[in-house]
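Accompanying notes for the structure given below.
The values are calculated or read from the model by the stated rules, or taken from the named source; none is laboratory data. Just so we're clear, the structure is a prediction, and the values are computed from it rather than from any experiment. So basically every Cβ, Gly included, is an ideal-geometry build from the backbone, and we count neighbours across all protein chains shown. When the accessible area is computed, the model is the full protein with side chains, heavy atoms only, and any ligands, DNA or RNA have been set aside. Shrake-Rupley method; radii C 1.70, N 1.55, O 1.52, S 1.80 Å.
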Amino acid sequence: MCGIIGFTGQAPALSFLLDGLRRMEYRGYDSAGVALCGASGDRLDIRRAVGNVSELEKAVAENPPDRSARCGIGHTRWATHGAPSERNAHPHVSPSGKIAIVHNGIIDNFAELKARLAATGHVFNSDTDSEVLAHLVEEAAGNTLAEKVMAALTPVRGTYGIAVVSCDWPGVIVVARKGSPIAVGIAGSAAMVASDPAALAGRAERVAYLDDGDVAILTPGSFEVRSLANTPVDRPASPLDIDPAAVEKGGFEHFMLKEIFEQPEALENCLRGRLLPDEGTAKLSGLRLGPREMASLCNIVVTACGTSYYAGLHGVYAFEQFAGIPSRIEQAAEFRYRNPIVSPDTALVSLSQSGETADTLAAVREAKRKGALVLSICNVVGSTIAREAGRGVYLHAGPEIGVASTKAFLCQVAALEMMALLLGRTRRLSGAEGAIVVKALESTPELVRAVLAQNDRIATIAEKYASANDAFFIGRGYQYPAALEGALKLKEISYVHAEGYHAAELKHGPIALLEPAVPVVALAPQGPEHDKTLANIQECRARSAPVVAIATESDPAIRAFTEDIIEVPPCPDFIAAVPVVVAEQLFAYHVARLRGEPIDRPRNLAKSVTVE
Ligand code: M6R
């Protein structure tokens with residue numbers, strides 16, 4: 001949600017801010033803005049625009065701010081309070097116009113704070129919760145900007161990542177965090193801040209991640225971190241290990257397509273050094289679990305949101321199949337509110353690409369409170385969930401910029417299977433059985449390449465269905481989570497209404513919707529339930545629904561139902577979701593492209609959902 005950027009140094013700030021906002025646009029793209037603080041300190045230059053960062057660039061070109069200003073903050077918004085409009089765009093300014101603030105998060109008690117301020121004559125210019133922060137900072141007592149920010153935050157309830165500048169303190173940026181990610185970086189004589197470290201790739205030499213309750217004070221070339229009570233806090237900075245090229249499109253039309261094509265390498269990176277073929281097991285040092293601890297686990301609860309949830313469901317199947325540990329999945333948004341039963345012999349496995357999803361983070365905290373063993377599977381190194389869990393597995397999939405998650409899903413599946421394998425080998429899985437799983441995992445990059453090679457054919461199939469208004473995705477066993485994921489991919493980027501169903505469930509209601517205009521994407525690779533899935537496809541054909549099949553190469557049976565077949569190489573059923581989901585990703589991508597939708601920035605969505 002919302003991208004925050006800030007720069008203070010010896011170079012002009014504006015180009016840094018605009019570039020950073022472009023890199024973070026996937027976090028929100030309703031509106032954008034910058035506030036620049038000139039050396040003279042007489043005024044702040046604010047520019048804001050509705051729409052994406054290119055609209056802000058136009059506004060800046062039409063009405064140039066002080067381009068020599070060496071300090072400034074910027075924001076790209078995902079609206080929560082107040083419609084996307086210029087007046088609701090950040091930065092928001094204080095009544096005197098001397099303080100500007102950008103905010104990511106939600107101020108829960110903003111109405112109460114706003115009423116209190118209004119009663120003393122404050123006039124507000126937006127419908128946002130964020131604007132009250134600018135007013136509070138101006139009202140607050142303090143000899144420095146940091147002291148004023150600390151005092152202003154005292155009555156605030158809710159979540160925030162904020163950056164504040166003031167023309168009374170030129171060259172200073174104060175940032176604070178509670179529940180919304182903030183990374184601060186330094187490079188030579190510059191200091192910088194971003195809500196996503198990827199925005200600092202190639203810019204910051206070293207970065208530090210703030211924790212909740214931290215306030216950082218940035219001045220050219222340095223930063224210090226203090227608590228809200230103004231005591232020093234040690235947050236060591238470390239080199240930023242993100243390749244700047246990874247946050248560019250690299251010749252692809254969209255980040256999503258680039259990321260789909262990066263999946264073989266992403267899987268290689270995820271698996272590297274973690275598979276032990278001779279022992280038929282996996283090595284996941286970040287779990288920091290010995291065999292005794294693993295053997296004493298009685299159950300596993302997996303929790304996540306969205307695509308990560310569907311990967312987690314795949315993991316539940318693998319935990320039970322390989323390790324025989326009773327496992328279940330919980331919507332992260334439900335977890336803490338329904339007071340779930342977990343105990344010290346429960347492993348809570350949380351999945352999150354970003355590592356910042358508010359509901360998943362809340363579930364992690366609740367499980368810790370209840371004494372469960374908390375493990376995380378995250379992509380973003382140093383993210384809040386990864387740090388709070390303390391033990392886990394990083395995906396090493398590389399930055400995922402497209403709002404639709406792709407490579408993270410495949411790597412989550414791989415990480416979960418490695419975890420299941422490792423747990424299985426402390427229990428009922430023999431070395432020979434484990435070796436089969438290792439081999440299957442090693443084959444995943446090649447399985448993905450085989451599907452990528454069919455990109456043109458998938459585009460041709462997509463042409464036939466691009467005008468559909470509804471679609472179903474069906475599968476059984478490991479293909480059931482894959483069906484849910486395929487439907488999510490299609491709906492979020494193409495806006496085609498799509499439902500994922502267990503293939504056997506269709507006849508319990510949704511089959512009533514089938515007709516010639518409603519295609520069914522049937523996931524039918526070889527596996528234990530192949531025949532049953534074929535029978536379900538037959539039921540769809542009997543209702544005249546057209547079928548797109550994703551099936552094993554040269555499967556003669558599938559040809560009886562359709563000519564629109566995307567082939568996946570033969571592989572064990574527990575890994576077949578990997579190539580199948582790639583086929584679904586490409587299908588969704590091409591449908592969205594043919595419908596002319598903004599694939600990397602679908603309407604109403606944001607990459608990292610840091611509000612409940
Ligand atoms: O960063 P996370 O994996 O925690 O994000 C969870 C969901 O918000 C995310 O997977 C979302 O569903 C994606 N847009 C799916 O493509």
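With a cut-off of at least 3 residues that are open to solvent by less than 30 Å² (accessible area, probe 1.4 Å), within 21 Å of Ile260 (Cβ to Cβ) and in contact (Cβ under 8 Å) with a residue 60 or more places away in the chain, name the helices (runs of 4 or more DSSP H) lying wholly within segment 415-476.
Fully inside segment 415-476 and qualifying: 444-452, 455-465.
Mind listing whichever residues of segment 1-27 are farther than 21 Å from Ala79 by Cα, open to solvent by less than 20 Å² (accessible area, probe 1.4 Å) and of a type in the set (Gly, Ala, Ser)?
Gly9, Ala13
For segment 317-358, give me each residue that is among the charged types (D, E, K, R) and either more than 13 Å from the ligand (Cβ to nearest atom) or assigned to a strand (DSSP E or B) (or both).
Of everything in segment 317-358, those that are among the charged types (D, E, K, R) and either more than 13 Å from the ligand (Cβ to nearest atom) or assigned to a strand (DSSP E or B) (or both) turn out to be Glu320, Arg328, Glu330, Glu334, Arg336, Arg338, Asp345.
Can you tell me which residue in segment 524-566 is surrounded by the fewest Cβ atoms within 10 Å (Cβ to Cβ), limited to those that are farther than 17 Å from Tyr465 by Cβ and among the hydroxyl-bearing types (Ser, Thr, Tyr)?
Among those residues, the one meeting the criterion is Ser554.
Which one of Ile401, Ile385 is of a type in the set (Val, Ile, Thr) and assigned to a loop (DSSP other than H, G, I, E, B)?
Ile401
So Val175 ticks every box in (1) modelled with pLDDT of 95 or more; (2) over 28 Å from the mean Cα position of the chain (by Cα) but one. Which box is left unticked?
Going through (1) modelled with pLDDT of 95 or more; (2) over 28 Å from the mean Cα position of the chain (by Cα) one by one, Val175 breaks only (2).
List pairs: first residue in segment 372-398 and at positive phi, second residue of a type in the set (Asp, Glu) and open to solvent by 10 Å² or more (accessible area, probe 1.4 Å) anywhere in the structure, Cβ distance under 8 angstrom, at least six positions apart or on different chains.
Short answer, once both residue conditions are applied: Gly398/Asp243; Gly398/Glu262; Gly398/Glu265.
Quick check on my filter: what residues within segment 148-188 are among the hydroxyl-bearing types (Ser, Thr, Tyr) and either out of contact with any Phe, Trp or Tyr (no Cβ under 9 Å at 6 or more places or on another chain) or more than 16 Å from Leu210 (Cβ to Cβ) (or both)?
Within segment 148-188, Thr154, Thr159, Tyr160, Ser166 meet the criteria.
More than 11 Å from the ligand (Cβ to nearest atom), in a loop (DSSP other than H, G, I, E, B), closer than 19 Å to Leu484 by Cα and hydrophobic (A, V, I, L, M, F, W, C) - does that describe any residue in segment 588-610?
No, every residue in segment 588-610 fails to be more than 11 Å from the ligand (Cβ to nearest atom), in a loop (DSSP other than H, G, I, E, B), closer than 19 Å to Leu484 by Cα and hydrophobic (A, V, I, L, M, F, W, C).
Please state which one of Gly500, Gly475, Gly424, Gly434 is over 27 Å from His590 (Cβ atoms) and in contact with a strand residue (DSSP E or B) (Cβ under 7 Å, 6 or more places away or on another chain).
Just a single option satisfies the conditions, and that option is Gly434.
Given the criteria farther than 28 Å from Lys283 by Cβ, charged (D, E, K, R) and at pLDDT below 95, does Lys489 qualify?
When the stated conditions are applied, Lys489 does not pass them.
For segment 556-587, enumerate the residues that are more than 12 Å from the ligand (Cβ to nearest atom), closer than 28 Å to Tyr317 by Cα and among the acidic types (Asp, Glu).
Across segment 556-587, the qualifying residues are Glu567, Asp573.
For the structure I just gave you, tell me whether Gly402 is within 16 Å of the ligand (Cβ to nearest atom), open to solvent by less than 10 Å² (accessible area, probe 1.4 Å) and in contact with an Asp or Glu (Cβ under 9 Å, 6 or more places away or on another chain).
It is true that Gly402 is within 16 Å of the ligand (Cβ to nearest atom), open to solvent by less than 10 Å² (accessible area, probe 1.4 Å) and in contact with an Asp or Glu (Cβ under 9 Å, 6 or more places away or on another chain).
Filtering segment 143-190 down to residues that are in a loop (DSSP other than H, G, I, E, B) and among the polar types (S, T, N, Q), which residue is surrounded by the fewest Cβ atoms within 10 Å (Cβ to Cβ)?
The qualifying residue surrounded by the fewest Cβ atoms within 10 Å (Cβ to Cβ) is Asn143.
Checking Val413 against (1) away from the ligand (no atom under 16 Å from the Cβ); (2) assigned by TED's automatic domain parsing to the domain that holds Gly273; (3) among the aliphatic types (A, V, I, L, M), only one condition comes out false. Which one?
Val413 satisfies every listed condition except (1).
Would you confirm whether or not segment 34-53 contains a residue that is open to solvent by 60 Å² or more (accessible area, probe 1.4 Å), in contact with a Lys or Arg (Cβ under 7 Å, 6 or more places away or on another chain), aliphatic (A, V, I, L, M) and over 23 Å from Pro602 (Cβ atoms)?
Yes.
Only one residue in Ala517, Ala557, Ala545 is of a type outside the set (Asp, Glu) and touching a strand residue (DSSP E or B) at 6+ places or on another chain (Cβ under 6 Å). Which one?
Ala545
Which of the residues spanning segment 24-50 are modelled with pLDDT of 90 or more and within 22 Å of Pro598 (Cβ to Cβ)?
Ser31, Ala32, Gly33, Arg48, Ala49, Val50
Looking at (1) in a helix (DSSP H, G or I); (2) open to solvent by 20 Å² or more (accessible area, probe 1.4 Å), which one does Ala363 not meet, given that it meets all the others?
So the condition that Ala363 fails would be (2).
With respect to Gly500, determine if the residue is modelled with pLDDT of 95 or more and not in a helix (DSSP H, G or I).
yes
Might you check whether a residue that is touching a residue at least 40 places away in the same chain (Cβ under 8 Å) and of a type in the set (Ser, Thr, Tyr) occurs anywhere in segment 223-230?
no
Scan Leu488, Leu506 and give me the residue that is under 28 Å from Phe319 (Cα atoms) and open to solvent by less than 10 Å² (accessible area, probe 1.4 Å).
Only one candidate qualifies: Leu506.
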